[in-house]
1. State whether the residues of region 72-80 include one that is closer than 29 Å to residue 141 by Cβ and either in a strand (DSSP E or B) or more than 16 Å from the chain's Cα centre (by Cα) (or both).
2. Return only the number of the condition from (1) within 14 Å of the chain's Cα centre (by Cα); (2) at pLDDT below 95 that residue 27 does not satisfy.
3. Would you point out the residue of region 1-18, among those that are polar (S, T, N, Q) and within 12 Å of the chain's Cα centre (by Cα), that is least open to solvent (accessible area, probe 1.4 Å)?
4. With the requirement that a residue be in a helix (DSSP H, G or I) and closer than 26 Å to residue 10 by Cβ, what does region 114-144 give you?
5. Right, residue 152: aromatic (Phe, Trp, Tyr), open to solvent by less than 50 Å² (accessible area, probe 1.4 Å) and assigned to a helix (DSSP H, G or I) or not?
6. Among the residues of region 172-188, which ones are under 19 Å from the mean Cα position of the chain (by Cα), free of Cβ contacts under 8 Å to residues at least 40 places away in the same chain and open to solvent by 40 Å² or more (accessible area, probe 1.4 Å)?
7. Provide a single number: the residues in region 19-54 that are over 19 Å from residue 124 (Cα atoms), open to solvent by 40 Å² or more (accessible area, probe 1.4 Å), of a type in the set (A, V, I, L, M, F, W, C) and touching a residue at least 24 places away in the same chain (Cβ under 8 Å).
8. Which of the following residues is surrounded by 15 or more Cβ atoms within 10 Å (Cβ to Cβ), charged (D, E, K, R) and in contact with a Leu (Cβ under 8 Å, 6 or more places away or on another chain): 169, 162?
Amino acid sequence: MVVLITGGAKSGKSSFAEKYAARLGAKGIYIATSPVFDEELEERVKKHQLRRAQAAIPWDTIEEPHELNAILRELAAAAKLWEEETVVVVDCLILWLSNWLLRFEQDREVERIEEQMALLVDTLRAFPGTLLLVTNEVGYGIVPEYPLGRLFRDLAGVMNQRIAAVCDRVFLVTAGIPVELKSREFIF
């Protein structure tokens, strides 16, 4: 089962993902995509680590800002994990996308970023275990002033749509309250 958890900044997405993982499995693997480049971010990471250390299930952490697809394929191949009721949490897809965008910022190689997104969608379709993906909704606010910000907002929206389409469940977390979206009936 692949689940997307989305919402605004500081909406409670990560803590919901960790609690949900504890309901679904006996062990967790946490894939952190954020590079730590300043003291404030280091404090955020420590808070996340402390929360997981006090969680109902044990967590292993993998820190990887770019090679999410490779890690997920490696985990998918480790069939033993799925016998042990392991839940994988990726936090967060928006940071992963940002890492790729910054890597190719100078050359504006949008095609390479879109290739990574397409590869991720394929990886998710084939994932054999339970996978929870945390992302952000970045398009609710004002239009970014700079071209790079607009490109990021647009890529994030496209990525979230493509991933939501292949997920079994999609939650929107607002003010700490998760609402499951895919179970709702929509009229187009």
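1. Let us first name the residues in region 72-80 that are closer than 29 Å to residue 141 by Cβ, namely none.
No, that holds for no residue.
2. For residue 27, the failing item is (1).
3. 6
4. Of region 114-144, the ones in a helix (DSSP H, G or I) are 114-126.
The answer is 117, 120, 124.
5. Numbers: aromatic (Phe, Trp, Tyr): yes; open to solvent by less than 50 Å² (accessible area, probe 1.4 Å): yes; assigned to a helix (DSSP H, G or I): yes.
Yes.
6. First pass over region 172-188, keeping only residues under 19 Å from the mean Cα position of the chain (by Cα): 172-182.
Checking the rest, the ones that are also free of Cβ contacts under 8 Å to residues at least 40 places away in the same chain come to 179-182.
Passing the criteria: 179, 181, 182.
7. 1
8. On the way: 162 fails: in contact with a Leu (Cβ under 8 Å, 6 or more places away or on another chain).
Of the residues listed, the single one that is surrounded by 15 or more Cβ atoms within 10 Å (Cβ to Cβ), charged (D, E, K, R) and in contact with a Leu (Cβ under 8 Å, 6 or more places away or on another chain) is 169.
The values are calculated or read from the model by the stated rules, or taken from the named source; none is laboratory data. These numbers were taken from a predicted model, which means no experiment stands behind them. Positions of Cβ are backbone-derived with ideal geometry, glycine not excepted, and every protein chain shown enters the neighbour counts. Quick note on the areas: whole protein, heavy atoms, side chains included, nothing else; ligands and nucleic acids left out. Shrake-Rupley method; radii C 1.70, N 1.55, O 1.52, S 1.80 Å.
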